[in-house]
Amino acid sequence: MTSRKKWNEPVQDLGEWDTSVTDDGPDEVEAAPPQLLSTETPVPAATPTPSPRTRAETPSRAERRRHRAQSAAAPEPPAAEPVEDEPTVKIDEPAPVEAPAEVAVAERPTLPSETTAIGASIVIRGRLTTAENLAVFGRIDAEIRSTGAVRVERSGVINANMSVHTASIDGILVGNVRATDLVELLPNARVVGDLVTPRLIVHEGALLRGRVEMDGLQALEILEQSPVQAPTAQPRDPAEPRPRAAVGAQAVADASERPPIVRKATAKVTVPVDPPRAIRADVVDWDEPEIVSPSDLRAPAVRVPVEPFAARVPVDPSAVKADYRSPRSPDAPPPSRLEPAAPPPRPRPAATPSAKPADAKPADPNDKGSWFRGR
Amino acid sequence: MEAKTVLGRTIEIEGEIEGDEDLVVRGSVRGTIRSRKDVTVDDSGDVEATISSRNLSISGKLKGNVDVKARVELCKEGTMIGDIRAPRIVLADGSKFRGGIETVLQEDGTP
């Protein structure tokens with residue numbers, strides 16, 4: 001345990017960093033008096049505190065590593081400080097700051113398995129569809145459609161619309177978000193765009209410019225439902241005869257004696273739990289089908305026009321000509337591309353019910369012959 | 001450890017991917033992939049893209065032209081349709097390939 005004694009090491013690099021405020025909460029009991037943050041008065045090395053936690057006064061290694069990642073220019077505390085009384089114990093420094101992928105994902109184990117991390121130097125343009133979770137450390141200029149969670153890390157930039165299950169933003173997002181479950185703006189979030197989501201969490205420090213649309217219909221239902229009426233009536237004794245409608249003063253007297261029987265309105269306030277399907281289309285700027293399952297991702301979608309990768313249906317010139325009405329009799333319908341041209345109805349004699357079927361069908365020039373069965 | 005991006009099985013990307021990292025594709029990519037490091041198309045990968053990278057290793061399906069600075073390796077389970085332009089090319093026994101091959105000099109002039 002002596003090798004981990006850090007209470008006497010200089011903490012210059014931490015400077016004004018407040019040890020009481022960390023992302024994960026204080027690791028150890030914060031028993032440090034404030035003067036430990038300065039190097040002028042080192043704590044005498046003679047009497048170590050008898051508490052079992054020798055690192056009580058200093059922040060944990062994970063926190064210091066994170067802080068070092070934030071202030072990259074801060075140098076490590078030098079091994080030999082003239083201020084200290086006893087030889088400095090070499091701090092077993094963690095590995096130099098790794099790619100942010102490792103640090104952030106490890107410390108926030110909220111992402112379930114099957115997470116794709118998009119590295120810090122990656123740029124993706126176009127369109128991205130996935131059923132997995134995404135952790136974005138790089139830049140995505142692609143429209144994202146996911147049935148999982150998308151997390152924009154601190155170094156991440158998303159410059160497009162997102163249609164996801166859960167969005168957790170700790171970086172820069174320029175674009176609209178439509179989530180079916182939750183949007184969370186973490187303290188480093190910088191968002192320009194509209195959010196359409198049933199649930200929203202905004203942490204302190206997040207910046208947002210845009211409109212927020214939570215499912216208005218359900219919220220109104222909850223407000224309109226009447227509060228639960230407390231049952232004031234006594235449970236009626238089954239042996240007691242039913243009160244009959246008495247007439248006159250006696251009835252009034254009887255009624256005043258017994259507590260009034262209150263009819264209960266609907267006793268429950270139902271809070272819908274399912275993800276909303278009734279997001280009003282008129283308040284949403286951007287028209288996208290709602291994703292419920294991966295099979296929805298395969299469905300042909302109304303696409304937001306995205307540069308050269310928007311699908312365009314090729315126009316076949318011959319097909320256009322076929323639709324054009326060629327000059328022929330105005331009665332004849334134009335040939336349809338979808339079904340074979342039906343021959344015009346065969347002319348029939350006016351009123352000869354006794355005519356044989358053979359006589360009723362004169363030679364018809366438009367009759368295609370045996371390939372056509374039926375009318 | 002070098003940073004690496006793994007595009008999972010269910011990911012479908014239409015467009016361009018550019019990066020300075022190793023890239024492992026297990027999903028589907030349509031478009032262009034440009035990387036200064038290594039690109040790997042895994043067994044479940046289905047790529048229809050033009051790839052330009054330092055190294056390339058194919059164990060899945062690749063359809064597209066390839067311009068690689070160091071080495072292209074088409075593994076046993078890999079199939080490729082397209083042209084390869086690289087200094088060093090390895091086609092493993094059992095792989096399927098259709099296209100053109102052009103071995104070029106490396107950047108420093110050595111074969």
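Things worth noting here:
- Solvent accessible area, Å² - A:ASP141, 1.4 Å probe, full protein context: 40 Å²
- A protection proxy built from the mean count of other Cβ atoms within 10 Å ranks the segments B:87-94, B:60-67, A:148-155, most packed first, as A:148-155, B:60-67, B:87-94.
- Model label sites at B:ILE101 and B:LYS63, defined 7 Å from Cα along the beta-carbon direction, differ in position by 2.3 nm.
- Less than 5 angstrom separates the built amide H of A:VAL174 from those of A:ILE158, A:ASN159, A:ALA160, A:VAL192, all sequence-distant by 5 or more or on a different chain.
- B:GLU14 accessible area, assembled protein chains, probe 1.4 Å, Å²: 60 Å²
- Long-range amide H partners of A:GLU143 with built H, under 5 Å: A:GLY126, A:ARG127, A:LEU128
- Using R0 = 60 Å, the C-beta based FRET efficiency linking A:MET214 and B:ARG71 works out to 0.65.
- Exceeding the 19 Å Cα-Cα cut-off - candidates B:LYS37/B:LYS96; B:LYS37/B:LYS69; B:LYS4/B:LYS76; B:LYS61/B:LYS96: B:LYS37/B:LYS96; B:LYS4/B:LYS76
- Residues in the stretch A:167-184 carry Karplus couplings, in order, of 10, 10, 10, 10, x, 9, 9, 10, x, 8, 10, 10, 10, 8, 10, 8, 10, 10 Hz; the curve used is 6.51 cos²θ - 1.76 cosθ + 1.60 with θ = phi - 60°, and Gly or Pro positions show x.
- Nearest-10 value in Å² for the accessible area of A:HIS203, using the 1.4 Å probe: 60 Å²
- Other-chain or far-sequence residues with amide H under 5 Å of B:GLY82's (modelled H): B:GLY64, B:ARG98, B:GLY99, B:GLY100
The values are calculated or read from the model by the stated rules, or taken from the named source; none is laboratory data. These numbers were taken from a predicted model, which means no experiment stands behind them. Ideal geometry is used to build each Cβ from the backbone, glycine not excepted, and the neighbour counts take in all protein chains shown. Surface areas here come from the heavy atoms of the whole protein model, side chains and all, with no ligands, DNA or RNA. Shrake-Rupley method; radii C 1.70, N 1.55, O 1.52, S 1.80 Å.
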